[in-house]
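In what follows, a structure is listed as structure tokens, so that the remarks can point back to it.
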Amino acid sequence: MGEPINPEAWMWYHRVIGSEKCPIVDTWWQTETGGFMLTPLPGAIATKPGSATKPFPGIIADIVDAEGNPVGDNEGGYLVIKHPWPSMIRNVYGDSDRFRKTYWEGIPPKGDQHFYFAGDGARRDQDGYFWVMGRVDDVVNVSGHRLGTMEIESALVSHPAIAEAAVVSKPDEVKGEEIVAFVILEGSKPAGDDLAIDLKKHVGKEIGAIARPGEIRFTDALPKTRSGKIMRRLLRNLASGQDISGDTSTLEDRTVLDRLRAGG
């Protein structure tokens, strides 16, 4: 939880940690939901690497477009909840308007149907399994093409030399935005220009030339919260050469930023 899991990481965890015997419970939920919303039930629901599988019993989830219309199988859209549930957030203290705007007005209602929308994109496959694609605002816009950072990160991690990756953007006068990838190497594999070129070619092959990172930065760690969520906001500051801004109180290891500034 905290981040969509790459299928390659799922398989490694399944093989190395679970010895191919333990069920992996990959979930989607929030503090505001009070519990799991999408989750496999061990022993009851077959898992798929990278999927949070299906809604918890009693949770009515769907994938819709910006107008609230359901989308087809394997079409990306907005992950919404269509019916109240016992543990859901009831309000934002002292600010009911903010509560409605934040959680209930992102997707317009369809008649009497209102949608709880937390800001995540997803798709549902032909078997009814949900695949969370990350925050809908975690996108880069390269020459008019909107690309999900999760898709590029998955392509990078599918390369045998890469253990983990985080993708952000920085302003570019020609393309609008340029893709910057922060990557952690697998084991003791050496970093260098040749590997950076190979990684760019790999992403181009997996997704397309438009998705090739303009810059690859090798690092030994990424800035994360204590729950494991990558703080991409801080990486965007670093990629753009800006000072770190905003709250950093949830950062697990503050020395990571110093090492990233120093180039590794």
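Note on region 1-76 and region 230-257: Cα centroid distance 28 Å, given to the nearest whole angstrom. The heavy atoms of GLU177 offer some 50 square angstrom of accessible surface to a 1.4 angstrom probe.
With a 1.4 Å probe and all protein chains left in place, how much of the accessible area of region 105-181 comes from carbon and sulfur atoms, in whole percent?
47 percent
Among the listed options (i) 56, 45, 35; (ii) 69, 39, 34; (iii) 59, 42, 35, the one matching Cα extents along the principal axes in Å as calculated from these coordinates is (i). Ordered by 1.4 Å accessible area with all protein chains kept, LYS101, LYS205 run largest first as LYS205, LYS101.
Of the residues GLN242, ILE230, VAL157, the one whose Cα sits farthest towards the positive end of the charge dipole of the chain is ILE230 (charges of +1 on Lys and Arg Cβ, -1 on Asp and Glu Cβ, taken about the Cα centre). Against the chain, whose longest principal axis comes from its Cα atoms, helix 193-206 is set at around 30 degrees.
Sorted largest first by accessible area at a 1.4 angstrom probe radius, with every protein chain in place, the residues HIS202, HIS114 fall in the order HIS114, HIS202. Straight-distance candidates among the lysines for linking to LYS224, with alpha-carbon spacing under 26 Å and chain neighbours fewer than 8 residues away dropped: LYS48, LYS170, LYS189, LYS200. Atom-type composition of the exposed protein surface of region 6-48 places 61 percent of the accessible area on carbon and sulfur (1.4 angstrom probe).
Note on exposure: LEU185, LEU41, LEU257 ranked by accessible area (1.4 Å probe, complete protein assembly) read LEU41, LEU185, LEU257, with the most exposed listed first. The residues of region 147-262 present an accessible area of 50 Å² per residue when probed at 1.4 Å with all protein chains retained. Each Lys and Arg contributes +1 and each Asp and Glu -1, all at the Cβ; summed about the Cα centre of the chain, the dipole is approximately 360 debye. Taking amide hydrogens as placed 1.01 Å from N in the peptide plane, the amide H of SER169 sits under 5 Å from those of VAL180, each at least 5 positions away in sequence or on another chain. State the answer as a single residue: which of ILE5, VAL140, ASN91 lies farthest towards the positive end of the charge dipole of the chain, with beta carbon charges of +1 for Lys and Arg and -1 for Asp and Glu, about the Cα centre. Toward the positive end, the furthest listed residue is ASN91. Solvent exposure of GLU151, expressed as accessible area, is near 100 Å², computed with a probe of 1.4 Å over the protein chains only. Note on LYS101: lysines with a C-alpha under 17 Å away, same-chain residues under 8 apart excluded, are LYS82, LYS110.
Given the rule -39500 (n - 2.57) for each run of at least 4 DSSP H residues, summed and divided by the residues of the chain, what is its mean residue ellipticity at 222 nm, to the nearest 500 deg cm²/dmol? Walk me through the intermediate numbers first.
Values: 6 runs with 52 residues, N = 264.
Roughly -5500 deg cm²/dmol at 222 nm, from the helical runs in the chain.
Averaged over its residues, region 18-136 has an accessible area of 54 Å² per residue, based on protein heavy atoms and a 1.4 Å probe.
The values are calculated or read from the model by the stated rules, or taken from the named source; none is laboratory data. As the structure is a prediction and not an experimental result, all values here were calculated from the model. For neighbour counting, all protein chains shown are included, and Cβ atoms are generated from backbone atoms with ideal geometry for every residue, glycine included. Remember, those area values only see protein heavy atoms, side chains included, never the ligands or the DNA or RNA. Shrake-Rupley method; radii C 1.70, N 1.55, O 1.52, S 1.80 Å.
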